[in-house]
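A.B. asks: Submitted below is the structure of interest, expressed as structure tokens.
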Amino acid sequence: EEENTENTDTESTDTGTEENSEEAAEDGEAAAGDYKVAMVTDIGGVDDKSFNQSAWEGIQAWGEEQGLSQGNGIDYAQSNEKADYMPNITRFVRDEYNLIFGIGFELKEDIQTAANQYADTNFAIVDDVVEAPNAVSITFKEHQGSFLVGVAAAMKTTTNKIGFVGGVDSPLIKKFESGFIAGAKSVNPDIEVDVQYAESFADAAKGKLIATNMYDSGIDVIYHASGATGNGVFNQAKDIKQNDPEREIWVIGVDRDQHEEGAINDHNVTLTSMVKRVDVAVQDVANRGLNGEFPGGELLEYGIEENGITFATTNEEAMTEEIISTVEEWQEKILNGEVEVPQTIEELEAYEESL
Amino acid sequence: MDYAIEMLNIRKEFPGIVANDNITIQLKKGEIHALLGENGAGKSTLMNVLFGLYQPEKGEIRVNGKTVKITNPNIANDLGIGMVHQHFMLVEPFTVTQNIILGSEPKNKFGKIDIATARKEIQELSDRYGLKVNPDAKISEISVGMQQRVEILKTLYRGAEVLIFDEPTAVLTPQEINELIEIMRALINEGKSIILITHKLKEIMEVCDRCTVIRKGKGIGTVDVSETNTNELASLMVGREVNFKTEKIAAMPEDTVLSIQDLYVRDARKVDLVKGLNLEVRSGEIVGIAGVDGNGQSELVEAITGLTKVKSGSIKLSGKDITNLSPRKITESGVGHIPQDRHKYGLVLDYSIGENIVLQTYYQKPYSKAKVLSYKEIFDKAKQIIEEYDVRTPSVYTKARALSGGNQQKAIIGREVDRSPQLLIATQPTRGLDVGAIEFIHKKLIEERDKGRAILLVSFELDEIMNVSDRIAVMFDGKVVANVKPEETTEQELGLLMAGSQVNKAGETSR
Amino acid sequence: MTSNNKLFGVLVPVISVIIGLLAGAVIMLLSGHNPVEGYAALWAGAFGDSYTIGETIRRTTPLILTGLAVAFAFKTGLFNIGAEGQVIVGWLAAVWVGLAIDAPMIIHLPLAILAGAAAGGLWGFLPGLLKAKLGVHEVIITIMMNYIALFVTNEIIRNVLTEQETTTGTIADTASLASDWLQSITFYSRVHYGILIALFAAFIMWFIIERTTYGYELKSVGFNSHASNYAGMNVSKNIILSMVIGGAFAGLAGAMEGLGTYGTISVMSGFTNLGFDGIAVALLGSNNAFGVVLAGLLFGVLKEGAGEMPTAAGVPTELVDIIIALIIFFVASSYIIRWALLRFKKEGK
Amino acid sequence: MFEALQSIIPTVLFYSAPLILTALGGVFSERSGVVNIGLEGLMVIGAFVGIVFNLTFVDVFGAWTPWVSIVVAMAVGAIFSLIHAVASITFYANQVVSGVAINMLALGIGVYLTKVWYGKGQTDMVERPFYTTDIPVLEHIPFLGPLFFEGIYVTSYIAIILAFVAWYVLYKTPFGLRLRAVGEHPMAADTNGIKVERMRYIAVLLSGALGGLGGAVFALTIASNFSHATIVGQGFMALAAVIFGKWHPLGAMGAALFFGLAQSLSVVSAGIPVLADIPQVILLIAPYLLTILALAGFIGRADAPRANGVPYIKGSR
Ligand SMILES: Nc1ncnc2c1ncn2[C@@H]1O[C@H](COP(=O)(O)OP(=O)(O)OP(=O)(O)O)[C@@H](O)[C@H]1O
Ligand SMILES: Nc1ncnc2c1ncn2[C@@H]1O[C@H](COP(=O)(O)OP(=O)(O)OP(=O)(O)O)[C@@H](O)[C@H]1O
Ligand SMILES: [Mg+2]
Ligand SMILES: [Mg+2]
């Protein structure tokens, strides 16, 4: 890997101006003592209980190791709208941060532009891909994690009907959908999966409408990849549970362990969560940068193997030994390459045929 | 002396103007007391002071000899003072009953309005004074005359002993006026006292006992009606001699300008209101349309001016068919129109007087070139018209809203006449105006006639019709039922024709 | 009196802004922040260096245009809550033309800008038509049209402009308003030539409303549709025209984002807020073109400056929303400020 | 069919309830002649207060927490709407302007305080939101019972009952008659001795209380937490319901239910095989298209209260 990094770096000097990238390298090494790292959130905000929060936690943890604190070596900038991304990024550039993370695919263009403009600074984009010698792209193999929770869902369902609620229809969320369906069908090819998109990451009412409809139609496990829209899904599941504690009804969380959201009286409707360790990735990249090994121009994909993707087992009651062991079996198959998890609907179709 | 109301030395100022300057008026119990003055003299202001809508700067008000402070209409109500406002204070979507009880509603145990009781009480009151109102009708669906009775009922319902009428007859048809006079007499018989504001001296002579005259905010004095005459009243009010009988030479009609054949027009509810009407107006003559409100006059005018679609029949202007053309095309063909409701149709109140002067011509040279307005030309024109038509306004840049009704009307007339239309339609052109303004407007109409214009005058005032017209077309039930010459008829005969009696005979004689 | 009015016309907004900022300081104090630091950060965020100035101008550009969009409709007595949707379709159309056509700049750029205006105009046309012909309240229709614009645009981005991507490619340089020169003098801010278009649009609005027969008719219909009809104006046509022109301004705002700031359009999971802010800008600028420019600038400055506040002073950016809201209140309640000023003058004498 | 209804009706009810409540507030305000574009902001405040109160006092009030929360949200909503009242009634402010400011202010304050108090942009989820229940007795009515009275939020029925109460108050009581008179012809009301300003204050405060209630009900039945994204456009939909419903409480309720139905159908249709082939986007925009069609097709012209939006300045005309 590291050699690889070197290569990309040297190769890319042809495209960028030579001096610049050399300077960048110099800067990186010379300033190893005070390597400053910052991140720009997307509209979700730093405490979105999702990848922004996770990323910030990663930076904080990294900062702690280096003896840095917010405003003093590490920092974040909150974006309230799309128009804020660029000013936030530039602010950090001018404050001479060495590495700036853009969290979320919405920042793709802006990170791309910034990387082209400020060759002296290193950038990283989470959840999307940019192309620049001084920028690294961090993506996650969400399809893998989604596959695992799909397996769990298929194990858990008693009705053989499960549901998927997406936020905005996009390639990223399709990755979740494809992996989830593939995982479920791997366990039970006849399982029915209902898919609906709310077309918003902030429409709890729509989320609740969809969840109501799904649970009414006999679906008993819903996996949501829809941000705050998912609040409505949790809300509905908990409502059903409140009225009928016996009824087996589940939600699968996304991005981080949403166990807390599922608590209702003595029960918890969160079966498991597809956990995306943005913090792990962020710390990894920050460390590499600190050591002068910034993987510029690379695409780093964090999956199960890289510890970037896991599934939650907090709900011990629901995630029975049996389920966990089955999920782990499949995880093994993914790790050893036996299973190639589909990332798009086309790949999913091919995968289903292969079953 | 037994006075129901005394207003002594009242002074009321508005920013920049003293509307009432040391005015005194004393209302005896059981009398009808006229309050007379030009437009803007301060009559409404004085009465609004009495009704508690305005607070006077100086002066004293006594009710039944006791000094009172009337700080809001509730107090006036409690003191037995009721007011029928110049602009009706009625909530249109409400029913008659709802309007009357508003503010003093009877309730049942559950806090619900006790409509049944209210309705009964209103019915009784209505019967007692011969008002004949339907308590369940919606205000928007009843005639102006009826609305006025609702206003009267409102005051009676609140137990008013003193009633103020602010220009009640300005909006009424002759029939309605007669009925109103009967109602006022009935009120007096029941022991009420009345203050009546009107510009119609004949009415004062007919029903009032005494008359207080004010001029430009100052009290001129009070006279006994039995000891005066209309000429004296008029000159007291205006401060100079006023000519009532409009001077004019005989008409010399020439070519036919307006020719209407077998016209049918429907209203919004798809009811035929003009039903086979024929009418001709020639250049150099004033044709007056006499008729009781609601016999198709408005629809006729709207059809000529293009505001309502004609169902069938034809309208020709100097031989050119203008049936169902757009209002703009019709205006351009040479029709001028002084509309009945100047606030709604005549003016854009939030535009300056200058901008209102070019309301139909703004898109033409010289007021605009290549769609770009030339304000210099516009305001020059406005200045000329203001001058010529004696429109009293601080400047041409003043908003139309700030002008008095009379001056607004003069501006409209100036605008319409200045365009030199072949046909000028004047609908109720003097409604609500004082005698001075009326005189001026009548003179203008006749001047235009003498310049060879065709003039169609629609009015509910028989006086006006008789005085100004060269020929009278009586409208009844959507048709012209008679054509008569003013000098060959009497008001009585006209009244009968308008009421639809002897339709056949009249129709035959006039053709 | 008139000189008084003119004086008040200037004083009222100025005083409102001052009181608004003072109130903001009090809120900062109450919530344990340092107002001096807060405002220093705000200032630095908006005017700190050439970069922030560039960004402030960039942010002001679409706000002026949506302000004009709302103000224009207001002049005809219509309430255009639909600027939001008009922005979105304008953005889409401009980028679409920017992507799909191959032409020299002199053709391509104007075409792309016009496409944005036309799309916005079209989005205003339907509410205008329904209002004019059927009397349907424009407020509901424009709200509904906002949602339709959002969802349809997302669909087009995903399925027509791209193959299931969330962002389109970047428009051709020949359709771009961005300027290397402007960027180079502002430390790579995204300021672009759109500000000139916005200012020109404001001039156009002023000219139409105050100097042309169209403006005369539009205002007349807004004030009194009955009298306008009587005077031979086509009331329906004017209502539609007003919504279309208003929509076109908002569409231009979208085009500015598409052709100037971003060069792309992305799937949106919510509204841009440019249209809603436009309502406030219009009202703050008392619906007059010059006022809208100033109000747009004030908004741009405050919003851009706000970004610096959390990092430099720990103050949440929302403080700026509160300040703006208060300023709007004070301007709206100018009656009380006028009254106080008059009192003040009297006592001074 | 029955089953379809059984799944649609409860969703319509929970979706519509906040809109109904807020729209009722709009009806009161606008019937008195004060335009209220600020409904969105009033909902924001209601949602914010409902959630924060619930989070803070759940230990104190236990099972009653959601109920106390919505009452407090109503009170704070009413107080907040006082700003709109003072500006537009006493200071003769342009009511649209003031309403827009209310919207910005509410969101600003809500999120600002959330950040100051919780150190983050969104609150935690509440422990005690509202839950659906079966309505005692009524649930046993044959056919109707299962449709309308099983698995329903009590707040939904409160909304519907309040709509009828609002109708009764506006159309059957002296208070309502006066309030409507003030919105149609304030001068006429004034000459009848009605205190125009006081009526308008009451009406605006009612809209604040109901808007606050609507926001709190939304937060406690649907969102479960507060952030800048909790209320996004519901207030504008409520405003649309006011106009759609022709400023009538029952009309507004009908309109809100219609919006709920349209949303619910768009979700349900996605699951129905025949309709599954319809592109998703059509289903997404269907609720909004249906509204436009309904208005253009058969609802048509709606006339606002005559004096709506016009400040009443005594002695002017
Ligand atoms: N609300 C007001 N504000 C300012 N000035 C007013 C107001 N009301 C009346 N005025 C002024 O007071 C004067 C008297 O007005 P008033 O309404 O009493 O006249 P009027 O005698 O009733 O006239 P008319 O015969 O036309 O009804 C007017 O010239 C006008 O300038
Ligand atoms: N708000 C106001 N500002 C300035 N002047 C006013 C105002 N309200 C009324 N006036 C003045 O009051 C005077 C008379 O008012 P009034 O209501 O009696 O109208 P009018 O002349 O009788 O008109 P009309 O009866 O045709 O409506 C007018 O001269 C007008 O200038
Ligand atoms: Mg008067
Ligand atoms: Mg008058």
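A.B. asks: Only one of D:69, D:81 is surrounded by 24 or more Cβ atoms within 10 Å (Cβ to Cβ), under 26 Å from residue C:334 (Cβ atoms), in contact (Cβ under 8 Å) with a residue 12 or more places away in the chain and in contact with a Leu (Cβ under 7 Å, 6 or more places away or on another chain). Can you tell me which?
C.D. replies: D:81
A.B. asks: Could you list, ordered by first residue, the pairs with Cβ atoms under 7 Å in which the first is in the range D:154-171 and within 13 Å of another protein chain (Cβ to nearest Cβ) and the second is open to solvent by 40 Å² or more (accessible area, probe 1.4 Å) and assigned to a helix (DSSP H, G or I), at least 6 apart or interchain?
C.D. replies: Cβ pairs passing all conditions: D:167/D:250; D:169/D:175.
A.B. asks: So which of B:493, B:487 is more than 16 Å from ligand 1 (Cβ to nearest atom), open to solvent by 60 Å² or more (accessible area, probe 1.4 Å), free of Cβ contacts under 8 Å to residues at least 12 places away in the same chain and over 20 Å from residue B:175 (Cα atoms)?
C.D. replies: One residue alone meets the criteria, B:487.
A.B. asks: Just give me the residues in the range B:408-442 being open to solvent by 20 Å² or more (accessible area, probe 1.4 Å) and either in a helix (DSSP H, G or I) or not assigned by TED's automatic domain parsing to the domain that holds residue B:354 (or both), in sequence order.
C.D. replies: B:418, B:438, B:439, B:440
A.B. asks: Being within 11 Å of chain A (Cβ to nearest Cβ) and open to solvent by 10 Å² or more (accessible area, probe 1.4 Å) is the filter here, so list the residues in the range C:33-49 that pass it.
C.D. replies: C:44, C:48, C:49
A.B. asks: Considering the range B:149-190 alone, what residues qualify as being within 16 Å of ligand 3 (Cβ to nearest atom), touching a Phe, Trp or Tyr at 6+ places or on another chain (Cβ under 7 Å) and in a helix (DSSP H, G or I)?
C.D. replies: The one that is within 16 Å of ligand 3 (Cβ to nearest atom), touching a Phe, Trp or Tyr at 6+ places or on another chain (Cβ under 7 Å) and in a helix (DSSP H, G or I): B:151.
A.B. asks: Tell me, please, whether a residue that is in contact (Cβ under 8 Å) with a residue 40 or more places away in the chain, open to solvent by 30 Å² or more (accessible area, probe 1.4 Å) and either closer than 18 Å to residue A:223 by Cα or touching a helix residue (DSSP H, G or I) at 6+ places or on another chain (Cβ under 6 Å) (or both) can be found in the range A:297-305.
C.D. replies: Applying the first criterion (in contact (Cβ under 8 Å) with a residue 40 or more places away in the chain) to the range A:297-305 yields A:297-304.
The next check asks that each one be open to solvent by 30 Å² or more (accessible area, probe 1.4 Å); those that pass are A:297, A:299, A:301.
Subsequent filtering for residues that are either closer than 18 Å to residue A:223 by Cα or touching a helix residue (DSSP H, G or I) at 6+ places or on another chain (Cβ under 6 Å) (or both) retains A:297.
Yes, that holds for at least one residue.
A.B. asks: Can you find a residue in the range C:229-252 that is facing chain B (nearest Cβ under 8 Å) and assigned to a helix (DSSP H, G or I)?
C.D. replies: yes
A.B. asks: Which of the residues spanning the range B:170-196 are buried (at least 22 other Cβ atoms within 10 Å of the Cβ) and within 16 Å of ligand 4 (Cβ to nearest atom)?
C.D. replies: Selection gives B:195, B:196.
A.B. asks: Can you find a residue in the range B:236-246 that is closer than 30 Å to residue B:29 by Cβ and either open to solvent by 80 Å² or more (accessible area, probe 1.4 Å) or not in a strand (DSSP E or B) (or both)? Give the steps one after another, and end with the answer.
C.D. replies: Step one: list which residues in the range B:236-246 are closer than 30 Å to residue B:29 by Cβ, which gives B:236-237.
Subsequent filtering for residues that are either open to solvent by 80 Å² or more (accessible area, probe 1.4 Å) or not in a strand (DSSP E or B) (or both) retains B:236-237.
Yes.
A.B. asks: Across the range C:261-282, what is the number of residues that are part of a helix (DSSP H, G or I) and open to solvent by 10 Å² or more (accessible area, probe 1.4 Å)?
C.D. replies: Qualifying residue count for the region: 5.
A.B. asks: A further question on this structure: Among the residues of the range D:118-135, are any away from chain A (no Cβ under 13 Å) and modelled with pLDDT under 90?
C.D. replies: no
A.B. asks: Being within 28 Å of residue B:299 (Cβ to Cβ) and at pLDDT 95 or above is the requirement here; does residue B:400 meet it?
C.D. replies: So residue B:400 fails the test.
A.B. asks: Just give me the residues in the range B:132-148 being more than 16 Å from ligand 4 (Cβ to nearest atom) and assigned to a helix (DSSP H, G or I), in sequence order.
C.D. replies: B:139, B:140, B:141, B:145, B:146, B:147
A.B. asks: Now a separate question. When you look at residue B:30, is it more than 10 Å from chain D (Cβ to nearest Cβ), at pLDDT below 95, surrounded by fewer than 21 Cβ atoms within 10 Å (Cβ to Cβ) and within 16 Å of ligand 4 (Cβ to nearest atom), yes or no?
C.D. replies: Judged against the criteria, residue B:30 is not a match.
A.B. asks: Hey, any hits in the range B:123-133 for a residue that's among the hydrophobic types (A, V, I, L, M, F, W, C), away from ligand 1 (no atom under 16 Å from the Cβ) and within 13 Å of chain D (Cβ to nearest Cβ)? Write out each step before concluding.
C.D. replies: Step one: filter the range B:123-133 for residues among the hydrophobic types (A, V, I, L, M, F, W, C), giving B:125, B:131, B:133.
After this cut, where a residue has to be away from ligand 1 (no atom under 16 Å from the Cβ) as well, the list is B:125, B:131, B:133.
Adding the requirement that they be within 13 Å of chain D (Cβ to nearest Cβ) leaves none.
The answer is no, given that none of the residues of the range B:123-133 is among the hydrophobic types (A, V, I, L, M, F, W, C), away from ligand 1 (no atom under 16 Å from the Cβ) and within 13 Å of chain D (Cβ to nearest Cβ).
A.B. asks: Something else now. So which pairs qualify, if the first residue must be in the range B:93-104 and outside the structural domain of residue B:133 (by TED's automatic domain parsing), the second must be open to solvent by 10 Å² or more (accessible area, probe 1.4 Å), the Cβ gap must be under 6 Å, and the two must be at least 6 apart or on different chains?
C.D. replies: Pairs that qualify, where the first residue is outside the structural domain of residue B:133 (by TED's automatic domain parsing) and the partner is open to solvent by 10 Å² or more (accessible area, probe 1.4 Å): there are none.
A.B. asks: Any idea which residue in the range B:350-374 is surrounded by the most Cβ atoms within 10 Å (Cβ to Cβ), counting only those that are of a type outside the set (Phe, Trp, Tyr) and at the interface with another protein chain (Cβ under 7 Å from one of its Cβ atoms)?
C.D. replies: B:359
A.B. asks: Please enumerate the residues belonging to the range B:34-75 that are within 21 Å of residue B:222 (Cβ to Cβ), away from ligand 3 (no atom under 16 Å from the Cβ) and away from chain D (no Cβ under 14 Å).
C.D. replies: Those that are within 21 Å of residue B:222 (Cβ to Cβ), away from ligand 3 (no atom under 16 Å from the Cβ) and away from chain D (no Cβ under 14 Å): B:58, B:59, B:60, B:61, B:62, B:63, B:64, B:65, B:67.
A.B. asks: Same structure, new question: Check whether at least one residue in the range D:168-189 is in a loop (DSSP other than H, G, I, E, B) and buried (at least 20 other Cβ atoms within 10 Å of the Cβ), and report yes or no.
C.D. replies: Checking the range D:168-189: at least one residue is in a loop (DSSP other than H, G, I, E, B) and buried (at least 20 other Cβ atoms within 10 Å of the Cβ).
A.B. asks: Something else about it: Within the range B:41-67, which residues are open to solvent by 30 Å² or more (accessible area, probe 1.4 Å) and either away from ligand 1 (no atom under 16 Å from the Cβ) or more than 30 Å from the chain's Cα centre (by Cα) (or both)?
C.D. replies: B:57, B:58, B:59, B:60, B:62, B:64, B:65, B:66, B:67
A.B. asks: Scan the range C:204-227 for residues that are facing chain B (nearest Cβ under 7 Å) and under 22 Å from residue B:340 (Cβ atoms) and jot them down.
C.D. replies: Result: C:220, C:223, C:224, C:226, C:227.
A.B. asks: Go through the range D:209-261 and give me each residue that's among the small types (Gly, Ala, Ser) and within 11 Å of chain A (Cβ to nearest Cβ).
C.D. replies: Result: D:219, D:223, D:224, D:227, D:229, D:233, D:260.
A.B. asks: Any chance the range A:300-322 includes a residue that's more than 22 Å from residue A:54 (Cα to Cα), in contact with a strand residue (DSSP E or B) (Cβ under 6 Å, 6 or more places away or on another chain), not hydroxyl-bearing (Ser, Thr, Tyr) and not in a strand (DSSP E or B)?
C.D. replies: yes
A.B. asks: Look through A:85, A:97 and report the one residue that is hydroxyl-bearing (Ser, Thr, Tyr) and either closer than 19 Å to residue A:200 by Cα or under 20 Å from the mean Cα position of the chain (by Cα) (or both).
C.D. replies: Answer to the selection: A:85.
The values are calculated or read from the model by the stated rules, or taken from the named source; none is laboratory data. The structure displayed is predicted, hence computed values, not measured ones. Please note: Cβ atoms are built from the backbone with ideal geometry, for glycine as well, and neighbour counts cover all protein chains shown. Quick note on the areas: whole protein, heavy atoms, side chains included, nothing else; ligands and nucleic acids left out. Shrake-Rupley method; radii C 1.70, N 1.55, O 1.52, S 1.80 Å.
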